[in-house]
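What follows is one structure encoded as structure tokens, with my remarks underneath.
Just so you know, all these numbers are worked out from the coordinates, no wet-lab data involved. This one's a predicted model, so the numbers in the text were calculated from it and none came from an experiment. We place every Cβ from the backbone using ideal geometry, glycine too, and count neighbours over all the protein chains shown.
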Amino acid sequence: MPAPRLTEITTAACLFFIFLVPLAGAGLSLMNVGLGRSRSAGHMMMASLCALAVASLAYFVCGFAWQGFIGSPSHILTVSGKNWNWIAAEPLFFRKLAFDGHPATVAALFQIFCVGLAALIPLGSGADRWRLRASCLSTGMLAALTYPLFAHWVWGGGWLAQLGVNYGIGRGFLDVGGAGTIQVVGGVTALAVTWILGPRRGKYSADGMAPAIPGHNAVLVLFGCLLALVGWIGLNSAGAILFTGGEPSGSAMIAVNTLLAASASALTAAFITKVRFGKPDASLTANGWIGGLVASSASCAFVIPAEAVVIGSVAGVAITFSIEMLELQMEVDDPGGSISVHAVGGIWGLLALGVFGQLQRPILNVAGDSLPSAISGITSGQWLAQLIGVATLLGFVLPLTYGINRLLNRFYEFRVSVEGERQGMDLHELGAGAYPEFVTHTDEFLPR
Amino acid sequence: MRGANHIRLLLERRVGFRCDCDILTGVERVDEGLIALRPGDFGMKAVGFLMLPAGWFLSLAAIVLFPSPPLRAAFVLAGVAVEALGLIFAFRSHLIPREEKR
């Protein structure tokens with residue numbers, strides 16, 4: 001499969017959008033901090049920074065070598081006369097990249113930000129109890145193995161992307177902005193980490209009650225949402241150019257769809273919480289906003305704005321009830337709502353592409369232009385391709401990431417000690433609190 | 001009806017898959033003599049995490065073995081259903097035992 005070509009203008013536009021992506025990471029980090037306890041706020045921000053650093057280095061060392069890019073050398077298994085492209089065979093340490101504007105170099109830059117974004121997602125679910133070094137170890141494995149493998153299958157010309165070419169299943173598995181590759185991979189890793197860590201002390205009492213442990217700063221959470229919007233517009237636009245062969249002029253529609261999906265999702269979550277609890281809930285509305293962004297990622301380049309509103313609205317409903325079900329029925333303590341927002345929202349986004357996607361234009365990067373459906377405009381079986389992708393995420397990525405993290409937990413315990421949890425992660429692991437002036441000193445109330 | 005009772009008890013985490021005679025023996029003996037499956041038990045966890053890749057392999061096999069679209073779709077859906085069941089077991093196996101709640 002030949003590598004796609006980008007004009008200079010397209011490359012420049014793509015680079016501009018890629019430079020917006022770190023804002024999505026900043027937004028997620030602020031949300032994770034705000035939704036956790038104040039005594040672990042500094043630790044969470046430090047963990048976010050360390051996760052980004054570890055993810056970048058791990059991806060540089062071997063991640064890109066195993067992910068590759070469309071047209072790069074890879075290991076292929078032939079089954080019944082069809083090629084199944086399993087893993088890339090690039091040299092380690094970016095050695096083959098010349099950084100001369102070739103699409104592979106632009107993709108490498110994009111991916112190094114994307115893997116950082118995926119690494120931030122599990123931090124939200126492990127808040128207040130996940131040790132810093134353990135989170136770095138887990139991030140290293142995510143960036144070096146789990147993420148590159150699935151990303152190769154979707155964005156590197158792997159077997160999922162070629163389902164259309166090889167078996168006539170739609171246009172192959174499509175994921176424009178990483179709803180599956182980034183968000184669901186991060187979300188299922190968050191689920192695995194939460195299962196291994198267990199709930200925070202005091203979350204589930206013996207009498208069956210699950211008291212709410214509210215986040216400590218709603219301003220950080222809501223500001224994080226605004227930052228994430230800008231980052232997501234960059235993420236979706238750059239993904240559309242690099243992995244579906246879209247033109248930069250299509251970014252206006254992508255940005256509109258991204259914003260509309262987030263808006264519909266956030267308002268739906270606010271409406272549901274207002275109806276059920278009497279007042280709109282800020283943290284659930286923020287989760288709805290991010291969930292809408294996540295759901296928009298898969299299909300933003302292939303739906304009309306009205307469909308983006310529907311996708312966002314459904315995401316808002318699914319995420320709001322999923323958070324409650326996970327917390328109360330499944331006893332999964334996820335302070336940041338990462339599992340519902342990124343895994344549930346992402347899966348819905350992927351399936352929504354199969355339902356609503358209009359795939360008339362050629363999709364160059366999966367050789368979709370050679371398919372008969374591209375000529376006639378009919379895209380039969382796209383829902384099946386999306387479903388196979390979701391089945392891969394649940395049936396392969398989840399057990400893989402659970403096994404890896406469980407193994408790591410045997411060598412280096414993930415969970416902080418009881419004393420550390422009581423003291424707070426800031427003091428216990430970093431030796432200083434994030435808000436030292438919040439401490440009330442008794443001498444302030446003494447007569448002078 | 002006895003089978004239905006067994007499934008209900010299974011979902012309520014009172015019995016496990018290892019008690020394969022439950023379906024025939026009925027509910028009354030289940031509570032007394034058969035192996036109770038507590039949350040956190042390795043058995044349920046293992047079943048759940050084996051069913052997840054099993055469902056995925058079913059989906060993969062459907063792609064290769066069935067060129068007919070309806071049959072292929074049916075088997076992929078069956079694979080996803082197996083995964084969903086595995087996910088339910090995985091979630092239930094991670095419920096916190098009452099005595100460990102604090």
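A few points about this structure:
- Shape call, the protein assembly as shown: gyration tensor on alpha carbons, a/c limit 1.5: oblate
- Once the Cα atoms are used to define both axes, helix A:8-35 deviates from the longest principal axis of chain A by about 20 degrees.
- Residue among A:Leu49, A:Leu430, A:Leu23 with the largest mean-square fluctuation in a Gaussian network model of chain A, springs linking Cα atoms under 10 Å: A:Leu430
- Calculated FRET efficiency, A:Asp207 to A:Leu407, Cβ-Cβ distance, R0 = 41 Å: about 0.70 to the nearest 0.05.
- In this structure the amide hydrogen of A:Gly172, modeled in the peptide plane, comes within under 5 Å of the amide hydrogens of A:Gly164, none closer than 5 places in sequence on its chain.
- ³J(HN,Hα) computed for each position of the stretch A:162-177 - Karplus, 6.51 cos²θ - 1.76 cosθ + 1.60, integer Hz, glycine/proline x: 9, 4, x, 5, 7, 10, x, 8, x, 9, x, 5, 10, 8, 4, x
- Residue-span extension gain [B:Ala78 to B:Ala46] - 0.36 nm each, minus C-alpha spacing: 9.5 nm
- With θ taken as phi - 60° and the Karplus curve 6.51 cos²θ - 1.76 cosθ + 1.60 applied, the whole-hertz 3J(HN,Hα) list for the stretch B:63-76 is 4, 7, 8, 10, x, 6, x, x, 5, 4, 4, 4, 6, 5 Hz, x standing for glycine and proline.
- Estimated at 0.36 nm per residue, the fully extended path between A:Gln329 and A:Ala432 surpasses their Cα-Cα distance by 33.5 nm.
- Using the Cβ-Cβ distance between A:Gln360 and A:Lys279 with R0 set to 35 Å, the FRET efficiency from 1/(1 + (r/R0)^6) comes to roughly 0.20.
- Overall shape: prolate for the stretch B:39-96, with the ratio a/c of the largest to smallest alpha carbon gyration tensor axis at 1.5 or above and a/b above b/c.
- Dividing the summed -39500 (n - 2.57) terms of all DSSP H runs of n ≥ 4 by the residue count of chain A sets its mean residue ellipticity at 222 nm at -18000 deg cm²/dmol.
- GNM top mover of A:Ala282, A:Ala315, A:Ala301 - chain A, alpha-carbon springs below 10 Å: A:Ala282
- Acute angle (nearest 10 degrees) that the helix A:398-411 long axis makes with the longest principal axis of chain A, alpha-carbon atoms: 50
- Highest-MSF residue in chain A out of A:Ser283, A:Ser48, A:Ser205 [GNM, Cα springs under 10 Å]: A:Ser205
- Taking every DSSP bridge with both residues inside the protein assembly as shown, close to 90 percent are antiparallel.
- Amide H to amide H distances under 5 Å link A:Ile87 with A:His75, where only residues 5 or more positions off or on other chains count and H is placed in the peptide plane.
- Simple spin-label estimate for A:Phe16 and B:Phe57 in nanometres, 7 Å along Cα-Cβ: 5.1
- Global geometry of the stretch A:161-256, whether rounded, prolate or oblate, following the gyration tensor of its Cα atoms and the 1.5 cut on a/c: oblate
- Angle in degrees between helix A:103-125 and the longest Cα principal axis of chain A, rounded to the nearest 10: 30
- Per-residue HN-Hα couplings for the stretch A:65-77 [Karplus 6.51, -1.76, 1.60; θ = phi - 60°; Hz; x = Gly/Pro]: 4, 8, 8, x, 9, 4, x, 7, x, 7, 8, 10, 10
- Scanning residues 5 or more positions from A:Gly68 or on other chains, none has an amide H under 5 Å from its amide H, with H placed 1.01 Å from N in the peptide plane.
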